Every structure is written in C-alpha cells, then in structure tokens.
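Written below as structure tokens is the structure these notes are about.
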Amino acid sequence: MSASKRQKGNSGLPINVVLADDTDALGPAFALFPSATPPPTTPFTLYSQGGTVGEGPTVLAAETPDMEYDSRNQMGVGFGGGDGQVSGEGQGYSVEYMLGVHNPRNNTLTLHAAPLHSLSTSVKALKHAPASITSTQFTVQKALLGTTFGTKKAIRSINAQARNKLDASSFGTGSGSTSALQSLLQDSIATSTTSLPTSSAIEHSANLSRPIPPPNFDATKPDEVYAVDSVVSDAELAQIHLEPIVAAMGVKERNALLPYRRSQFITNRMRELVPNRSDDAPPPSLGKKDKLRLKLLVHLSHLFAFRHATQGGGRALDLAKLKEKMSQVDEALVAPLVERYSESMKTGGAEERKVTTGMELKLLGYMLVLVLKVDGWSTDVATIANDFGMGAPKVQEIFKSLGCQMMTPSADERAKLIAQGSATTDAEAKKAKRAVLKVPLVFPTERRGIPKR
C-alpha cells in the first residue's frame, strides 16, 4: 500500500503518544548559536558533571582549528540570575524541550527529551594575546612617540606636562608619602585661601567702585546717604551768587541767567522756590535750606551745560573752547568740572583729558544725586529722562545704581504731575515711576547666566 493511502487511512484516528526512555543512552539535543555557526561537519562531545550521561548537568563542546564552542547554560553559568543565570533558571533546565518522532505504520508518536544547549564562542588566537596596557603605560608610550616624532609645539607641551606633574616618590617612599603629599597640598591651599576676601567684602568693594558719590552705608535716613560736599565742594557753592536769580521777575528772566535753559526739572523747581512777581513786589526772602536748593539747581544747570558741551565721541577736551561754550559759567567753576568728570590720557606723548564712557556715567550719577537732594530724595523719573534725552528705563537703571527703588506715585504726587504738565490725566500719572532713595541701602546685584531673549 502506498504512503499516501496509509496516511489517508490513518487520518482521523487517535495517535498513540509514547515517552521514550533515554536515561541509558544519548538522545537528541537542540543547539543554539547566538553568534557564529560552526561548519556542519564539526564533531561535538557531551560532557556530564557526574561522569555518566543522565546524571547531573551536561556541557556540549566542540572545537575547530580557529574556534571553540561550549554550552554552560545547564551548569547555571553565564545567564544573569544569581551566579550568572537567567532569572527563574536554576542549575540545569527548569523547562525541557521534547522532540517527537511519528511512526506512520502504527500511528505512534514517540517523545524524546531534547535539552537545549546555548553555545558561546571564543577565538583561540585571542587567548594568548597580551593583556591591555594600563592608562599609565599608554601615557608614557604616547609621550615617547610625541617626543620622537612630534612637532616642536607638541614637544614643548609634553615637557610642560611632565614638569607640572607631582611625583609622590619625591616626598618619600611607601604609602605614607601619598598621605604626606595630600596633607601638604591641603595645608598650602588653606594658607592661600585665608587671604582671599569674603563675598561680603567683595560686594562692599564693588559698591565703593560704582561711578557714584561715596555712600554712607551706616545712614539711618536718606539725607545721610550722600553728602552734598561729595558732589560739589563748598568753595564752588560759595562762588554761585543768587541775587540776580532771586531778583528776576519771572521764568524767562531767570532762565536767561542760566547756562542751560532746556531743563524742565530746573525750571519747575525754580518756579517753586522763586515765584513770579510783579514789578512793585519785593524779591522773596529765602531760608537757608531754600538757598542751598537754589544753588544746587544752578550747579545742576552747570552740569547740564558741561554735558552738552562735551558730547561728541570722547574727543580730547579743548579747555579754551569749553570755556567759550560755557561763557555764562564762571571760569573758576569750569576747571573743577573738567577735573571731576574727565580722565587724563597720554596721546603721542602729550597729556589730554577726555570724557570717557565711564566719566559720562559718573556725571549722570552725580546729577541724579542733586536731583534727589532738591526733590527730597523722591523724584519723577520721566521728567529727568526727558531732560537727559534718554529713555526712562536707562535712567531707572542709574537711579537703581544709587540705591533707589522704583515706586508708583501717590495721589498728591499724581496731582502735582498733572499741575506741572508732566501728565494730562490721573491714569497717565499712575503709569509714571518715582525714584525713591530708601535706607538701608540696597544696590542691584549682578545678573548671572544667559540673558533671556
């Protein structure tokens, strides 16, 4: 009977399943090669831990002239779960594979236990290769190659590294030499750092180096922070004569006596101190404080005129031309301004004076101190920003460098802004900012990191 007829005849009949008894003989096995597959003719040998097949775990091994193959998974080695086994797999197999052989004659399926051997490979030539060199040996060999074949620049760099290297052997021998070297370095660092300034000392020094009048850090009220004589000397104030200004009939006449006439701040404050009067009215009598405020306003006008005359890209100052531009200022008062707000520089062997960027910033800071002093240490930012011809944010930064805080004006201050023409409505006046000097002084800290875009 043909095979097709036998298969057809057995179809639908139950299959008899028989478990083979392979305890006394070698049975089939599965082999898994994760990396390299050996040639088909490679002979394999099965080794048993007990010496007899079927007793204990087994190892399947083979070799070719170039490679070695062996399985350790039945020994519980090399697969990661405690002692390098696969998690859940103990010594030997926790799960057995079965290979079924079907006999069509009697419709029987015989199952043979077939263990799976996962084989690892190793190259014979690499077993006798020398061990990898250490990092120290690599550095030495690299330096040797560099000094032999490197450029002059590379050789100088290698020699510099060798000179800067600390050798513990030069401090003694044994394990104590390393600890002695470490102790010596720690003591040296501790001694060197004792002379370094503290963070508070660095901050105090930075505050003193600001381009502003020297502040009094122990002040208990704003009037004690900046002394008037640190901005303008008593001798300069003594040479400012107030009689013509007080005797002037109105704003137009007073402005004609000033070297700079386009400051709205000076005009408004002089109107408050010396109101307009009729022809038959006597000049007002000013008290000591009002006289000082009026002199400071005149000096502020001198500073406006000096700033206007020296603007132009840091050119060397021509004293004769400067006095000509400031003809309404006493010549004795021009020299202190040049000395205070310009730097001496040598150009081509000749000494010149220039109003540098730092000096211009100093001039603005000193002018704002006078503005704060006249206004009782609280002033409108927009008014003086318009007088400077600068944006309000830049002027606010200078005010902050003086220790001022930006505040919203009160109801009375808003009404005053409207009366002076600095604002037309109360809502507009609310948007204005006032620079207020408060104690204790708080200066802005330096910003760190990448600025936000």
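Pairs 252/346; 221/323; 295/400; 221/288: which exceed 32 Å Cα-Cα?
252/346; 221/323
Which net charge results when you count Lys and Arg as +1 and Asp and Glu as -1 among the other residues whose beta-carbon is under 12 Å from that of residue 222?
Around residue 222, the surrounding residues sum to 0.
Applying the Karplus parametrisation 6.51 cos²θ - 1.76 cosθ + 1.60 with θ = phi - 60° to the phi angles of the range 156-163, what ³J(HN,Hα) value in whole Hz is obtained for each residue in order, glycine and proline being reported as x?
For the range 156-163, the Karplus-derived couplings read 5, 5, 5, 5, 5, 5, 5, 5 Hz, x marking Gly and Pro.
Show me, for the range 264-276, the HN-Hα J-couplings you get by feeding each phi into the Karplus relation (A = 6.51, B = -1.76, C = 1.60, θ = phi - 60°), rounded to Hz, glycine and proline as x.
Listing the rounded values in order: 5, 4, 5, 4, 5, 6, 5, 5, 5, 7, 10, x, 4 Hz.
Excluding residues on the same chain fewer than 8 positions from residue 394, give the lysines whose Cα lies under 22 Å from its Cα.
362, 373, 430, 431, 433, 438, 452
May I ask you to order 38-45, 152-159 by the average number of other C-beta atoms within 10 Å around their residues, highest value first? Could the numbers behind the result be given before it?
On the way: 38-45: 10.4, 152-159: 12.2.
The packing order, highest mean first, is 152-159, 38-45.
Test of understanding: what is the full-extension gain from residue 230 to residue 133, defined as 0.36 nm times their sequence separation minus their Cα-Cα distance?
That pair, residue 230 and residue 133, stretches by 27.8 nm at full extension.
Going by amide H atoms built from the backbone, whose H comes under 5 Å of the H on residue 31, apart from near neighbours?
117
Please give the FRET efficiency for residue 318 paired with residue 179, using the beta carbon to beta carbon distance and R0 = 60 Å, rounded to the nearest 0.05.
According to the calculation, E is roughly 0.30.
Does anything in the range 116-155 have its amide N under 17 Å from the 7 Å Cα→Cβ label point of residue 162, and if so which residues?
Those under the cut-off are 136-155.
Give the peptides 325-335, 281-291 in descending order of average Cβ contacts within 10 Å, highest first.
Listed from highest to lowest mean packing, they are 325-335, 281-291.
Let me check I've understood the local charge: for residue 252, count other residues with C-beta under 12 angstrom from its C-beta, Lys and Arg +1, Asp and Glu -1. What total comes out?
+2
Calculate the spin-label point distance for residue 200 paired with residue 142, positioning each point 7 Å from the Cα along the beta-carbon direction, and give it in nanometres.
Result: 4.7 nm between the two label points.
How much length would be gained if the chain were fully extended between residue 408 and residue 257, taking 0.36 nm per residue of separation minus their Cα-Cα distance, in nm to one decimal? Please list the in-between numbers first.
Details: separation 151, 0.36 × 151 = 54.36 nm, distance 3.49 nm.
Stretched fully, the residue 408-residue 257 segment lengthens by 50.9 nm.
Using amide H atoms built in the peptide plane, which far-off residues or other-chain residues are under 5 Å from residue 353 H to H?
Correct list: 317, 345.
How large is ³J(HN,Hα), in whole Hz, for each residue of the range 427-440 in order, when computed from phi with the Karplus curve 6.51 cos²θ - 1.76 cosθ + 1.60 and θ = phi - 60°, using x for Gly and Pro?
After applying 6.51 cos²θ - 1.76 cosθ + 1.60, I find 5, 5, 5, 5, 6, 6, 10, 10, 8, 10, 8, 10, 10, x Hz.
Along Cα→Cβ, 7 Å out, is where each label goes; now give me the distance between the ones at residue 331 and residue 279 in nm to one decimal.
3.8
Taken together, the values in this text are just the output of simple stated rules run on the coordinates, not laboratory data. Source: prediction; values computed, not measured. As a convention, Cβ positions derive from the backbone with ideal geometry for all residues, glycine included, and neighbour counts pool all protein chains shown.
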